[in-house]
Amino acid sequence: MGTILAFISIIIIASIFQTSTGFGFSIMATPFLLLLFLPQDAIQLNIVLSLIISIALIRKIRADVDKILLKRMVVGSIIGVPLGIIIYMTVDIIIFKLMISIILLLLTLLLLCRVKMISTPKRDYFVGWISGILTTSIGMPGPPLLLYFTGTKITKEKLRATTLAFFLFIYSISLITQITFSGTTTSVWLSSLYAIPLVIIGLGLGQYLFKKMNQQIFTVITYALLLITGIYLLFDSMNSILTA
C-alpha cells in the first residue's frame, strides 16, 4: 500500500509541476521513481509519461513556441543522443543518483547566482546537445534548458511552450533509441497505463496553478523544487556509497 501511495503522489505532483512550469516532471519524478523501480525502468517510465504530457499540452500553447530556438535545440539534441545512450547502458545506479544530485544542485546554485546569458545560435545548439545527452542517459533534459532560459530572461509562457515542444521531440527520439538498444519491460508500460489517470489529474491542477502564478512565484517554486530534490538525492546516493 505504501508503494502505491508513493507512486500516486509522485505522478500527480510531478504532473502538476510539468504542466505549470514546463519542465518539472523529470526533475521531480526521476529521483523518486528510482526508489520504486529499477533505474532503466524508472527512466523509461519518466520518458513515456513526459511524452504523454507534452502531447496533451502542445496544441494549447504552440502559439508561444520560439520556433527558431526550437529548431536549433532539436539539431543539437540529435548529436547528443548517441552519447547519452552509451551512458544509459553502462552507468552504475549509485553513480547515476549522485550524478543527478550534483546536476540539480549545481543548476540551483547557478540560478541563485543569477547567471545572465545572451542567446546565440551556438549556445542554442549547445544547450540542445547537452539536453539530448541527459535525456537518453538519465531521462532529464530540463536542467540545461531551465538554466539557459532563466539566464536569458525568457518569459514563463515562452519557456513552458518551447520546452514542451522540445520535449515532444527529444523524448520520442530517446524512447525509440532506448528500446532499440536496450529493450523495455512490461513493468514500464503497465505502470504508464496505471499512471495516465493520475497524469490527467495533474494536468488539470497544473493548468489552474499556471494561470494563478506570477513570474516571481514561478521562480521561487523552480528554485525550491531543484534544491529539495537535489539535496534528497545527494544524501540518498552518499548513504548508498557509505553502506556499500
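Observations
- Every residue from region 39-59 that is surrounded by fewer than 22 Cβ atoms within 10 Å (Cβ to Cβ) and touching a residue at least 24 places away in the same chain (Cβ under 8 Å): PRO39, GLN40, ASP41, VAL48, LEU51, ILE52, ILE55, ALA56, ILE58
- A Cβ distance below 7 Å, combined with a sequence gap of six or more or placement on separate chains, defines the contacts here; from region 192-212, residues that are farther than 15 Å from LEU51 by Cβ and surrounded by fewer than 17 Cβ atoms within 10 Å (Cβ to Cβ) reach no residue that is at pLDDT below 80 and basic (Lys, Arg).
- Residue match in region 58-70 (condition: under 24 Å from THR222 (Cα atoms), at pLDDT 85 or above and not in a helix (DSSP H, G or I)): yes
- Taking the numbered list (1) modelled with pLDDT of 90 or more; (2) in contact with a helix residue (DSSP H, G or I) (Cβ under 9 Å, 6 or more places away or on another chain); (3) open to solvent by 40 Å² or more (accessible area, probe 1.4 Å) in turn, ILE176 passes all entries but (2).
- Residue among THR90, THR30, THR3 that is closer than 15 Å to GLY139 by Cα, of a type in the set (S, T, N, Q) and open to solvent by 30 Å² or more (accessible area, probe 1.4 Å): THR90
- Any hit, region 85-98, residues being of a type outside the set (A, V, I, L, M) and farther than 29 Å from PHE37 by Cβ: no
- Once region 189-230 is narrowed to residues that are closer than 22 Å to LEU145 by Cα and of a type in the set (S, T, N, Q), the residue that is modelled with the highest pLDDT is GLN207.
- Of residues in region 146-173 being more than 21 Å from ILE12 (Cα to Cα) and among the β-branched types (Val, Ile, Thr), the one surrounded by the fewest Cβ atoms within 10 Å (Cβ to Cβ): THR155
- Restricting region 98-142 to residues that are surrounded by fewer than 24 Cβ atoms within 10 Å (Cβ to Cβ), of a type outside the set (A, V, I, L, M, F, W, C) and part of a helix (DSSP H, G or I), the residue that is modelled with the lowest pLDDT is THR108.
The values are calculated or read from the model by the stated rules, or taken from the named source; none is laboratory data. Remember, predicted model here, so these are calculated numbers, not experimental data. Glycine also receives a Cβ, built like all others from the backbone with ideal geometry; neighbour counts cover every protein chain displayed. Calculation scope for accessible area: heavy atoms of the full protein, side chains included, ligands and nucleic acids excluded. Shrake-Rupley method; radii C 1.70, N 1.55, O 1.52, S 1.80 Å.
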